[in-house]
Amino acid sequence: MVAASKKFLARAVLKSRIGRAVVALLAATALAVPLMLGSAAPASAHCDSAQGPVATAARDALAEGNVDLVLPYVKADQEQELTAAFNQTVAIRDSGPEVQKLADQYFVETAVRLHRVGEGASYTGLKDDVEISPALAAAEASLEEGTRDQVLTVLKRDLRVELTERFESVLEAREAERANPSVETARERAEAELMFEKYVLEIETATNAELGHDAPAGGEGH
């Protein structure tokens, strides 16, 4: 579809004042499409989502004709590049439905890419299907509603369940060692104790750490 669109648009607008801009945008989009199709949707890539906050802000900026709506999502030294992409997109998006679709896609991709680069994270294209963990969904709901209740409820529930399961594993391992003392049962007891302590330490570390955008966001494990 991209190749056919390029051929059609080349005949229609190549000699116009926007011809070079259209070709440049199409080329950029053509490079981005294979990345989008050839990459999976890791749970850690929430900001890579086509429905994520950065992509949504980019589309809002185009709809309102106001780049300021998406600039907060990139670093200050990236504003010039994103603004240039915005101006280039706005200048040609009225040339037809196909041009607008590809130009808008180019701008959204640019905004998300710059956002990810600014956070020191990798970027492999927009993802249509990004699995979001219940905790992240609750966090977004809390931000929208201006209350922390939902996210606290989810985190307390998950923490209670996980801590209980791990602590019960310790008790079971200790009971098994008492019933049948051996190096094997003692090893299992020691492993259960260490895993419980490690989990508690990881919770403390995560609570006091500043996480980047590559931190897990999809609830794939603990």
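Read the figures in this text as sums done on the coordinates, not as results from a lab. Just so we're clear, the structure is a prediction, and the values are computed from it rather than from any experiment. Don't worry about glycine lacking a Cβ; one is built from the backbone with ideal geometry, like all the others, and counts go over all protein chains shown.
Quick notes on this one:
- Couplings for segment 88-97, taken from phi via the Karplus curve 6.51 cos²θ - 1.76 cosθ + 1.60 with θ = phi - 60°, read 5, 5, 4, 5, 10, 5, 8, 7, x, x Hz in order; Gly and Pro are left as x.
- Amide H contacts of Ser49 (H built 1.01 Å from N, in plane; Pro and chain starts excluded): Lys127 sit under 5 Å, all sequence-distant by 5 or more or on other chains.
- Total formal charge among the other residues, if their Cβ is under 15 angstrom from that of Ser182, Lys/Arg +1 and Asp/Glu -1: -1
- The phi torsions of segment 182-197, fed into the Karplus equation with coefficients 6.51, -1.76 and 1.60 and a -60° offset, translate into couplings of 6, 4, 5, 5, 5, 5, 5, 5, 4, 4, 4, 5, 5, 5, 5, 5 Hz, rounded to whole numbers, with Gly and Pro shown as x.
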